[in-house]
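Colleague: Attaching a single structure in structure tokens format; questions to follow.
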Amino acid sequence: MMPRDNMTSLVQKIGRQALVTFRNPSLVGDKAFLDNQGKLQTLMTEIRAADLKIAPRKVDCASTPLPHNPPVTYMHICETDQFSMGVFLLKSGASIPLHDHPGMYGMLKVMYGKVRITCFDRLDKSTNVASDTQFKPPLLPFQRDTLRRSILRSVGEFTEESGPCILTPDRDNLHQIDAVDGPTAFLDILAPPYDPDDGRDCHYYKVLESASDSEDKKAEAQGQKEVWLMEVLQPSDFWCGGEPYPGPEVDI
């Protein structure tokens with residue numbers, strides 16, 4: 001695909017619209033915010049890899065990941081106190097493990113390839129688990145304190161022809177992203193950015209299998225599957241490297 005003549009203005013417009021959308025936290029959720037979020041979503045739908053001067057990668061050779069060959073890399077575009085924007089590139093077969101975005105909004109738009117996004121919603125902040133609830137394999141006592149009751153909200157596949165995947169603090173906030181059938185890349189906006197000092201640190205989770213399926217059957221009958229998620233350390237086979245962003249500069 002040939003780059004469009006106005007590719008610089010399109011990338012710039014996305015950055016500026018993101019700033020307009022997220023610069024006033026007190027307005028988040030009202031009509032003005034939703035209108036601006038819709039404008040940002042429209043711009044994100046239009047953008048393609050050529051607008052960022054990113055060429056689709058060829059299928060990589062199957063090899064053991066090395067420190068200089070991470071499964072996922074990130075191209076930083078810009079960051080303000082209100083939002084961050086960049087591109088994640090996943091090698092063939094790579095995944096960004098199940099993780100959360102505490103108190104954050106986000107948009108993800110595939111640039112090339114295909115991703116499978118599995119989204120969960122946390123039901124409540126309670127970590128109380130009935131003492132008779134058993135898991136396979138059995139949990140150690142301290143592990144029960146890290147459990148979160150959640151709902152498997154959706155599993156969907158996205159390509160460059162798809163609209164953006166949208167997350168909010170309450171919906172689709174926990175998700176896993178898998179590269180499907182080869183390398184893939186996506187433009188990513190998070191608002192506000194991660195900031196551990198302000199309570200926005202990234203946490204990783206593992207889906208647990210319950211030894212009793214009665215609750216699962218009841219939930220599935222209602223069209224939703226309840227699961228227990230256990231907070232875990234960052235998986236050892238996942239890490240993210242960095243590489244230069246080759247596209248137009250975004251001036252905010």
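The values are calculated or read from the model by the stated rules, or taken from the named source; none is laboratory data. Keep in mind that what you see is a predicted model, and the values were worked out from it rather than measured. Because the Cβ atoms are built from the backbone with ideal geometry, glycine has one as well, and the counts that use them run over all protein chains shown. Surface areas here come from the heavy atoms of the whole protein model, side chains and all, with no ligands, DNA or RNA. Shrake-Rupley method; radii C 1.70, N 1.55, O 1.52, S 1.80 Å.
Colleague: Write out, first by first residue and then by second, each pair whose Cβ atoms fall under 8 Å of each other, whose residues are 6+ apart or on separate chains, and whose first residue, in region 22-44, is in contact (Cβ under 8 Å) with a residue 60 or more places away in the chain while the second is of a type outside the set (S, T, N, Q) and part of a helix (DSSP H, G or I).
Modeller: Close Cβ pairs satisfying both conditions: Val28/Phe22; Leu40/Ile14; Leu40/Ala18; Met44/Ile14.
Colleague: If you don't mind, another one. I'd like to know if region 153-164 contains one or more residues that are touching a residue at least 60 places away in the same chain (Cβ under 8 Å) and within 12 Å of the chain's Cα centre (by Cα).
Modeller: Within region 153-164, one or more residues are touching a residue at least 60 places away in the same chain (Cβ under 8 Å) and within 12 Å of the chain's Cα centre (by Cα).
Colleague: Considering only residues that are charged (D, E, K, R) and at pLDDT 75 or above, look in region 1-20 and name the one that is nearest to Glu160 (Cα to Cα). Working first, answer last.
Modeller: Step one: of region 1-20, the residues charged (D, E, K, R) are 4-5, 13, 16.
Of the ones still in play, those that are also at pLDDT 75 or above are 13, 16.
On the way: Lys13: 19, Arg16: 22 Å.
Here the residue is Lys13.
Colleague: Please go through region 72-101 and give me each residue that is of a type outside the set (Lys, Arg), over 24 Å from Ile14 (Cβ atoms) and either in a strand (DSSP E or B) or open to solvent by 20 Å² or more (accessible area, probe 1.4 Å) (or both), ordered by number.
Modeller: Of everything in region 72-101, those that are of a type outside the set (Lys, Arg), over 24 Å from Ile14 (Cβ atoms) and either in a strand (DSSP E or B) or open to solvent by 20 Å² or more (accessible area, probe 1.4 Å) (or both) turn out to be Ser92, Gly93, Ser95, Pro97, Leu98.
Colleague: Can you name every residue in region 73-108 that is touching a Phe, Trp or Tyr at 6+ places or on another chain (Cβ under 6 Å) and over 17 Å from Pro246 (Cα atoms)?
Modeller: Gln82, Phe83, Pro97, Leu98, His99, Leu108
The rows are residues; the columns are (1) in a loop (DSSP other than H, G, I, E, B); (2) among the hydrophobic types (A, V, I, L, M, F, W, C); (3) at pLDDT below 80; (4) open to solvent by less than 80 Å² (accessible area, probe 1.4 Å).
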position: Val110; (1), (2), (3), (4): no, yes, no, yes
position: Thr118; (1), (2), (3), (4): no, no, no, yes
position: Ser126; (1), (2), (3), (4): yes, no, yes, yes
position: Asp132; (1), (2), (3), (4): yes, no, yes, no
position: Pro138; (1), (2), (3), (4): yes, no, yes, no
position: Ser150; (1), (2), (3), (4): no, no, no, yes
position: Gly156; (1), (2), (3), (4): no, no, no, yes
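Colleague: Would region 21-32 turn up any residue that is under 24 Å from Gly247 (Cβ atoms), modelled with pLDDT under 95 and either more than 20 Å from the chain's Cα centre (by Cα) or open to solvent by 60 Å² or more (accessible area, probe 1.4 Å) (or both)?
Modeller: yes
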